[in-house]
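Everything on this sheet refers to the single structure shown next.
The values are calculated or read from the model by the stated rules, or taken from the named source; none is laboratory data. The model shown is predicted, which means the values in this text are computed figures rather than measured ones. Cβ: placed from backbone, ideal geometry, glycine included. Neighbour counts: every protein chain shown.
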Amino acid sequence: MNNHPIGIFDSGLGGLTIWKEIHTLLPQEDTYYLADSKHAPYGDKPPEEIIRLSVKNTEFLLARNCKLIVVACNTATTNAISHLRKTYDVPFIGIEPAIKPAALHTTTGKVGVLATKGTLSSSLFHHTTRNHAAGIRVIDQIGTGLVPLIEAGEARSEAARSLLKKYLKPMLDAGVDQIVLGCTHYPFLIPLLEELLPKHINILDCGMAVARQTQRVLAEHELLNPATKPGAHHFYTNKSLEILKDMLAYLGAEGEARFEDF
Ligand code: DGL
């Protein structure tokens, strides 16, 4: 099974930021990436619906022989990963907002978290905050409207800039020095965030940590691909192939990009 691909899914294009880190760390691995953009955003959906969509995505990837699945979506992880782990035999890697490193690094004792409603209202998020940010003031903010803009290929538009300005204000007013991007779509906003935020504010996302965890779990299960040639990559979307291709070009990702109505 070592030469089987890694499967990665997200509610859309955001998980490509995770794909990029996995590919950088594990260039010999083949991958299948599934962008469920037709159903984005997941963040406003009830948990049962997020579970149903996550099951559908998992089965799509298992049908392509994936040896491990990365749930490259905070919303799907916080709402559905325990169901997926109970239902399927393959290992699953999940994503959680990087609260722990933010709590470790803050010197003001105040940390901002920008995420979807589905993530911020989940019990896993509250559990992580209680366990890793005790004594830290967490200013959380729902990023309503950001995922649809990124999905529309408008991550650097005026509309994205003005939403971000509005969402960052309460965090800046509170004196945060760390801002956690709790949604895998949001790293596409980093160019705008860097323009809008004072230099001393640290922006955290969990891409590299997820890639390292993927490597560890593959090694534990003796599933690392020993090949020395670069892996092959397949990217699927059920919405706009053109926007998918634009995002892949932006990330310098090479592989087969396809539309499929899943
Ligand atoms: N990329 C997803 C996440 O990390 C986007 C959420 C959504 O679809 O609302 O949560």
Next on the checklist: Residues that are exposed (fewer than 14 other Cβ atoms within 10 Å of the Cβ), on the phi > 0 side of the Ramachandran plot and not hydroxyl-bearing (Ser, Thr, Tyr): does segment 206-225 have at least one?
Outcome noted: yes
Checklist entry - Going through segment 42-62 one residue at a time, which ones are surrounded by 21 or more Cβ atoms within 10 Å (Cβ to Cβ) and part of a helix (DSSP H, G or I)? => result Ile50, Leu53, Ser54, Asn57, Thr58, Leu61
Checklist entry - Filtering segment 164-189 down to residues that are within 16 Å of the ligand (Cβ to nearest atom) and in a loop (DSSP other than H, G, I, E, B), which residue is nearest to Gly207 (Cα to Cα)? => result Thr184
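For segment 1-22, enumerate the residues that are surrounded by fewer than 24 Cβ atoms within 10 Å (Cβ to Cβ) and within 15 Å of the chain's Cα centre (by Cα). Spell out the reasoning first.
Applying the first criterion (surrounded by fewer than 24 Cβ atoms within 10 Å (Cβ to Cβ)) to segment 1-22 yields 1-5, 20-21.
Hits for segment 1-22 are Lys20, Glu21.
Being outside any loop (DSSP other than H, G, I, E, B), within 11 Å of the ligand (Cβ to nearest atom) and closer than 17 Å to Ile93 by Cβ is the filter here; which residues of segment 1-41 pass it?
Phe9, Asp10, Leu16, Thr17, Ile18
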Item to check | Single condition Ile51 does not satisfy, out of (1) touching a helix residue (DSSP H, G or I) at 6+ places or on another chain (Cβ under 6 Å); (2) more than 16 Å from the ligand (Cβ to nearest atom); (3) over 20 Å from Gly255 (Cβ atoms) | outcome: (2)
Checklist entry - Restricting attention to segment 210-228, does a residue exist that is within 15 Å of the ligand (Cβ to nearest atom), modelled with pLDDT of 95 or more and under 18 Å from Cys73 (Cα atoms)? => result yes
Next on the checklist: Taking the conditions exactly as written (within 16 Å of the ligand (Cβ to nearest atom), within 24 Å of Glu222 (Cα to Cα) and touching a Gly at 6+ places or on another chain (Cβ under 7 Å)), does Ile81 satisfy them or not?
Outcome noted: yes
Item to check | Tally of residues being within 18 Å of the chain's Cα centre (by Cα), surrounded by fewer than 24 Cβ atoms within 10 Å (Cβ to Cβ) and touching a residue at least 12 places away in the same chain (Cβ under 8 Å) across segment 72-97 | outcome: 7
Checklist outcome for this item: Selection over segment 239-254 where residues are assigned to a loop (DSSP other than H, G, I, E, B) and either crowded, with 17+ Cβ neighbours inside 10 Å or in contact with a Gly (Cβ under 7 Å, 6 or more places away or on another chain) (or both) yields a count of 3
Checklist entry - Of all residues in segment 169-190, how many are surrounded by fewer than 21 Cβ atoms within 10 Å (Cβ to Cβ) and more than 18 Å from Lys100 (Cα to Cα)? => result 7
